[in-house]
Structure formats: structure tokens, C-alpha cells
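Data first, discussion second: the structure below is written as C-alpha cells.
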Amino acid sequence: MSSHILEQFLNENLEDLKGKGLYNVIDPLESPNGPIITINGKELINLSSNNYLGLATDDRLKKAAAYAMEQYGVGAGAVRTINGTLKLHVELEEKLAEFKHTEAAIAYQSGFNCNMAAISAVMDKNDAILSDELNHASIIDGCRLSKAKIIRFNHSDMDDLRAKAKEAKESGQYNKIMVITDGVFSMDGDIALLPEIVKIAEEFDLITYVDDAHGSGVLGDGAGTVKHFGLSDKIDFQIGTLSKAIGVVGGYVAGKKNLIDWLKVRSRPFLFSTSLTPADVAASKRAIEILMESTELNQKLWENGNYLKKGLKELGFNIGNSETPITPCIIGEETKAQEFSRRLIEEGVYAKAIVFPTVPKGTGRVRNMPTAAHTNEMLDQAISIYEKVGKEMGII
Ligand code: PMP
């Protein structure tokens, strides 16, 4: 028999979420997560995945994964520090360091647990963290786990960051102060002002931490936001994920050798959770090799991003201030954004609504993620469906 108090809690809260339109409806895919997906037997143009370069379905990665699985099996068998480190894990980390122009790197099982791991391994209750108000949920949770004082600054507002850094430093209350930002903000596609952040960090002796989940594979010819600004030797923590442009699963920190050595002995998911599977590691390593060999996929991603943005903008949609291929279509009212997304899906474009609390109230939107795998025909078709639904709903 289940607990009465739990039943009551779940029923009341689930009803509450459903009433507010905040209950996630999940549509299982019947196809790979490529540029065209199948849901409920229907083919749709996919503008919702983070598979920026199309590598999630790339034959070269599939081959590398299949070979590793044949050689080493399906599971790593232990945590990294017992005997769950294959030579493949070490090779992946060496490749990541090369890719990010750092001395070393450490891989985790996801980008999410990488943030939980890395922040709390270095920061504690005697420290403070300056965190952009739009930082990803995993950064927020990592900060909370560390027990450091969290000081939020207004999104990309350098005056606010500077004032708060100065106040924190001059208070003399904190042993260490860190500044954390996303490299690319995933809801708007804008880029963090890293050169200004680095200047402020130098002035107040801040530790710098950039989560480049959406910048890696996209900016800096693929190497990321830090490389884009030429700041590889100025950022202490470069976080990345293997699940978006890299197309697989996992997360990593790239940085100085002594930082990575510390994370290997002190970050809890590395010590207490089984390591990435051989197939994940081999496929990720292959993806990074591909990115380092050629910028072809990266260039195609930008071409497609610019093409979609131009098409939607010319139709009169508000696509915000994205500086990357991420293309929001800002509608405003939450229910209207949700209805817009529902109609787009009905007409053949899989683009999901993003509403409060993920984005501020009144800025509900449909977010589009064009990838290198889309063709012009697919994008043209998506744009014409946008036109039809946009006109029908009085948005354009
Ligand atoms: N950081 C940022 C900025 C992200 O957008 C995401 C993914 N939504 C993550 C971390 C988590 O990455 P992963 O999906 O690999 O856990």
C-alpha cells in the first residue's frame, strides 16, 4: 500500500500543473532524432533537437560505437577510480583537451552532472558565486550543492556584474569568488560577453567558469565560445556536453592539469557513478576528431541557421536577438505560444513552445534549432508552414 500523504501530494500537484498548462506531454519518436522525425506514424521536419551537426546519426560515429561495443562490451563495469577507466576514456579526455586548447580534460556521464560535480568540488560555504540570472538549471543546482553564497547578476549586464563582484570582494567575507555563465544562452541564442567578464574577473580575482553546452561545435570554428573570443588561457573551467553538437551523451571539464587532477579526486559523480559506456566514449572521440579535421559541418550549420532566420524574419516574425543558429520565434502570451506550436506540429514542423518559468513571463516562444543535416527544401517547407500558421493565428 502506498503512503496516503504521498498520494495526496502527487495528485494535488499533478492536477495543479495540468491546470496551469505546465505538465510536459512527451511525444516518443519512432525514428532517429534526425532532420525528419516520425511521431505517431507522421513524418515531421524536426526543429527541436540539439543535434546541431547531425552527428547523432552519423555513420562514422555509429561505426566507432559498434566497434567499441564489440571490443569492450556494453558497460564500463565500475566507477572511473576503481576499474571503470578504459584506455578509451583516457584517449577521449586527451582529445577533448586538444579540442579545447587546454592542458587536460575530465569526462562525466552528462553535462548536467558535470556542473553538479565541478562547482561543488571547488566551491564551499565560505565562497561566493556570481551567476548570470539566465544560467542553465544544472549550473543553478551545482551552485546550490556547493553551499556557496549565490549572487545572481542581471543577464549579461556587465555593470551589475562589476558592482556585485566589487561588493563581494570588498566585503572580505569570502575565501574564493567565482563567476559562472553559459557561453551561449539556449533560449535566445545570445553569446556571453566573455571579454568583459574576463576583465572583471582579472580586476577582482574571480575564478571563471563557462558552460559552453550550446557553443561547442557551433562557435570558434567548432571549438566553442572561449576559442571564438581567443580566451583559451583566461577561463579556468570550460564545460561542455557530449550530447548536443557531439551527438552522443556525456559532459566534460577542460582546464589546467592541476584543476583536472583535483576533480579526479574530489568530484563525486567521477568517484561514485559508473563511467560512460565504451560506445559513448568511442563515438564522442570520433565526433571530436571529425570536428578537428574539418569545419564543413560547422559551416553548414551556420548557413542553415542564417537561412531559417532570414526566412522567418522576412515573414515578420519576432526572432529576438540571436547571434547563433538558435532561432526563437517570440510570441508573447504563453497559451498562444503553445497553440502556435501545436498547430505547427499538426502542419508538419516539430518546433516546441518554451514558456515561463523556462523563459520570463510574457515571452513565450517557439524555439527552432536548425542543424547541419537540414536541406534547403526542408527549411523552405518549414518556413511556408510558419507562414500559413502565423497568418491563420494573426501573428504575422
Ligand atoms: N548546460 C547547459 C547550458 C545546457 O543547455 C544543458 C542541456 N540542456 C546542460 C548543461 C546539460 O547537458 P546534458 O544534456 O549533457 O546533461
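The values are calculated or read from the model by the stated rules, or taken from the named source; none is laboratory data. Fair warning: this is a prediction, and the values are worked out from it, not measured in the lab. We place every Cβ from the backbone using ideal geometry, glycine too, and count neighbours over all the protein chains shown. Surface accessibility is based on the protein's heavy atoms, side chains included, excluding ligands, DNA and RNA. Shrake-Rupley method; radii C 1.70, N 1.55, O 1.52, S 1.80 Å.
Is there a residue being open to solvent by less than 10 Å² (accessible area, probe 1.4 Å), at pLDDT 95 or above and assigned to a loop (DSSP other than H, G, I, E, B) anywhere in the stretch 140-147? No, the stretch 140-147 contains no residue that is open to solvent by less than 10 Å² (accessible area, probe 1.4 Å), at pLDDT 95 or above and assigned to a loop (DSSP other than H, G, I, E, B). Restricted to the stretch 347-370, and to residues there that are without any contact (Cβ under 8 Å) to a residue 40 or more places away in the chain and closer than 13 Å to Thr335 by Cα, the residue that is most open to solvent (accessible area, probe 1.4 Å) is Lys361. Just one of the numbered conditions (1) assigned to a loop (DSSP other than H, G, I, E, B); (2) modelled with pLDDT of 95 or more is not true of Glu70: (1).
Tallying residues that are in contact with a Lys or Arg (Cβ under 9 Å, 6 or more places away or on another chain) and either free of Cβ contacts under 8 Å to residues at least 24 places away in the same chain or surrounded by fewer than 19 Cβ atoms within 10 Å (Cβ to Cβ) (or both) within the stretch 174-187 yields 1. Scanning the stretch 107-136 for residues that are out of contact with any helix residue (DSSP H, G or I) (no Cβ under 6 Å at 6 or more places or on another chain), near the ligand (Cβ under 10 Å from one of its atoms) and open to solvent by less than 50 Å² (accessible area, probe 1.4 Å) yields Gln109, Ser110, Gly111, Cys114, Asn135. Among the residues of the stretch 215-224, those that are on the phi > 0 side of the Ramachandran plot and either open to solvent by less than 10 Å² (accessible area, probe 1.4 Å) or touching a residue at least 40 places away in the same chain (Cβ under 8 Å) (or both) comprise Gly217, Asp221, Gly222, Gly224. Residues in the stretch 34-56 that are part of a loop (DSSP other than H, G, I, E, B) and within 22 Å of Ser186 (Cβ to Cβ): Gly34, Pro35, Leu47, Ser48, Ser49, Asn50, Asn51, Tyr52, Leu53, Gly54. When the stretch 188-214 is limited to residues that are under 18 Å from Ala168 (Cβ atoms) and in a loop (DSSP other than H, G, I, E, B), the one that is most open to solvent (accessible area, probe 1.4 Å) turns out to be Asp205. When Glu293 is tested against (1) free of Cβ contacts under 8 Å to residues at least 24 places away in the same chain; (2) within 16 Å of the ligand (Cβ to nearest atom), exactly one condition is not met: (2). Considering the stretch 336-369, the residues that are modelled with pLDDT of 90 or more and polar (S, T, N, Q) include one that is nearest to the chain's Cα centre (by Cα), namely Asn368. Of the residues making up the stretch 185-232, those that are more than 13 Å from Glu323 (Cα to Cα) and within 13 Å of the chain's Cα centre (by Cα) are Val210, Asp211, Asp212, Ala213, Ser216, Gly217, Gly224. Of the residues making up the stretch 77-105, those that are of a type in the set (Gly, Ala, Ser) and either open to solvent by 20 Å² or more (accessible area, probe 1.4 Å) or closer than 23 Å to Gly220 by Cα (or both) are Gly77, Ala97, Ala104, Ala105.
Check whether at least one residue in the stretch 144-156 is closer than 22 Å to Arg268 by Cα and within 12 Å of the ligand (Cβ to nearest atom), and report yes or no. Give the derivation first.
So the first thing to find is which residues in the stretch 144-156 are closer than 22 Å to Arg268 by Cα, and the list is 144-150.
Narrowing further to those that are within 12 Å of the ligand (Cβ to nearest atom): none.
Checked against the condition, which is being closer than 22 Å to Arg268 by Cα and within 12 Å of the ligand (Cβ to nearest atom), the stretch 144-156 yields no hits at all.
Name the residue that is farthest from the ligand (Cβ to nearest atom), counting only residues in the stretch 225-269 that are part of a helix (DSSP H, G or I) and open to solvent by less than 10 Å² (accessible area, probe 1.4 Å). Of everything passing the filter in the stretch 225-269, Ile260 is farthest from the ligand (Cβ to nearest atom). Any residue at all in the stretch 379-386 that is assigned to a helix (DSSP H, G or I) and either more than 15 Å from Leu44 (Cα to Cα) or among the charged types (D, E, K, R) (or both)? Among the residues of the stretch 379-386, at least one is assigned to a helix (DSSP H, G or I) and either more than 15 Å from Leu44 (Cα to Cα) or among the charged types (D, E, K, R) (or both), which makes the answer yes.
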